[in-house]
Amino acid sequence: MKRGPRAVKVAHLTSVHSPADTRIAYRECATLAEAGYDVVLVAAGTLASPPKGVRLHPVPVPKNRIERMMRTVWQVYRAAVDEHADVYHFHDPELMMVGLALRARGARVVFDVHEDIPHDISDKPYIPRVLRKPLASGSAFFLRSMQRFYSAIVTATPAIARRFPHSKTVVVCNYPRIEELPDATVSDFAQRPRAALYLGSITELRCIEEMVAAMGSKSLSPGIQLCIAGTFENSALEQRVREMPDWKRVEYLGFRHRGEVAQTLSGARVGMLLFRPAANHDEAMPTKLFEYLGAGLPVIISNTMQCSEIVRQYDCGIVVDPFDIDGIARAMSELIDNPAAAQAKGERGRRLVTEQYQWNSEASKLTKLYAEIA
């Protein structure tokens, strides 16, 4: 007798991402659990508040990148085998051989591709520059060779999907759940703190130094504060940024748990989304863009990303050169000094997300794929 969805067990696997990763835990795993699947997440670390119906199978947190790629990958594989799942859904390129091994055991396997892998390799600062191009080319060949063995491919953007066969590829974008975002009408912007917010991973690529430097620009209006919420990519960067003279005008909020995100978003007048030029981000669709807009925040976004055209076209923020420190400061001042105009831009952004860029449409694509393969 054919088993119903409740009898189908799904294991999501990651060796790289946190168990609290928004796309993995709170979008895909949560959606499958809501659809009646038995869902387990295999990941390194702990998860304080897992989504309803999602069970965490933790593996030890690696001490460094080498340990992660050697020991953690093996531990994820062993945990996956122990779960005896019907479908395995893995999220990291370094788990491609794990996916192949699980496929050989008769399971259905989904490869979830968050980044354009060859472009991502070409942007990695820890890879010697002379090796980046050959490694990127090699990864493209490896992807073409391996993709045929998986049951399906899920990608985070249409641009990434171009590397995979159309017949087995589904694009599931990182759009927000509207119910997780604050009500944009709760408070008038004029009553909010005179603050700009950056929420996410704190990295050089994401212009942390440029944002802090803008706080010392003569183009910045008095009394404006920059709020930073997230974790630094490494201790060296954190030390360097904290030693910048304008760090004194930054409020560092640290890591925000999922339940704290809505309150954090509602405590600012503008969301910051700046990226230095990088091949992997030219056509990216960052989750934070849609979370900011969905929360009714106007966005200051860099012109290095194609998605900045959304902000320009729908007039829901300001597009800037990420290396123009004074330009960043002027954009912050314009939005924070004019709360009524900023709120109008934010309302246009929220309406856009509600109508076009929310998770419900992506959830339907994910559950349809699982109905076909599981």
Cβ contacts < 9 Å: first residue closer than 16 Å to residue 92 by Cα and without any contact (Cβ under 8 Å) to a residue 24 or more places away in the chain, restricted to the stretch 148-166; second residue assigned to a helix (DSSP H, G or I) and aliphatic (A, V, I, L, M), any location; separation 6+ or different chain. Result? none
Residues being assigned to a helix (DSSP H, G or I) and either under 17 Å from residue 288 (Cβ atoms) or not assigned by TED's automatic domain parsing to the domain that holds residue 271 (or both) - total across the stretch 315-353: 10
Quick check, is residue 251 loosely packed, with under 14 Cβ neighbours inside 10 Å and within 25 Å of residue 341 (Cα to Cα)? yes
Please enumerate the residues belonging to the stretch 225-268 that are within 30 Å of residue 50 (Cα to Cα), assigned to a loop (DSSP other than H, G, I, E, B) and charged (D, E, K, R). 233, 256
Filter result (farther than 17 Å from residue 297 by Cβ, of a type in the set (Lys, Arg) and in the same structural domain as residue 339 (by TED's automatic domain parsing)) within the stretch 160-205: none
Of (1) surrounded by 19 or more Cβ atoms within 10 Å (Cβ to Cβ); (2) hydrophobic (A, V, I, L, M, F, W, C); (3) in contact (Cβ under 8 Å) with a residue 24 or more places away in the chain, residue 278 satisfies every one except (1)
Which of the residues belonging to the stretch 188-224 are free of Cβ contacts under 8 Å to residues at least 24 places away in the same chain and either within 17 Å of residue 317 (Cβ to Cβ) or part of a loop (DSSP other than H, G, I, E, B) (or both)? 222
Exception for residue 73 within (1) of a type in the set (A, V, I, L, M); (2) surrounded by 18 or more Cβ atoms within 10 Å (Cβ to Cβ); (3) free of Cβ contacts under 8 Å to residues at least 40 places away in the same chain falls at (3)
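The values are calculated or read from the model by the stated rules, or taken from the named source; none is laboratory data. Quick caveat: nothing in here was measured; it's all calculated off a predicted structure. Note that each Cβ is placed from the backbone with ideal geometry, even for glycine, and that neighbours are counted across all protein chains shown.
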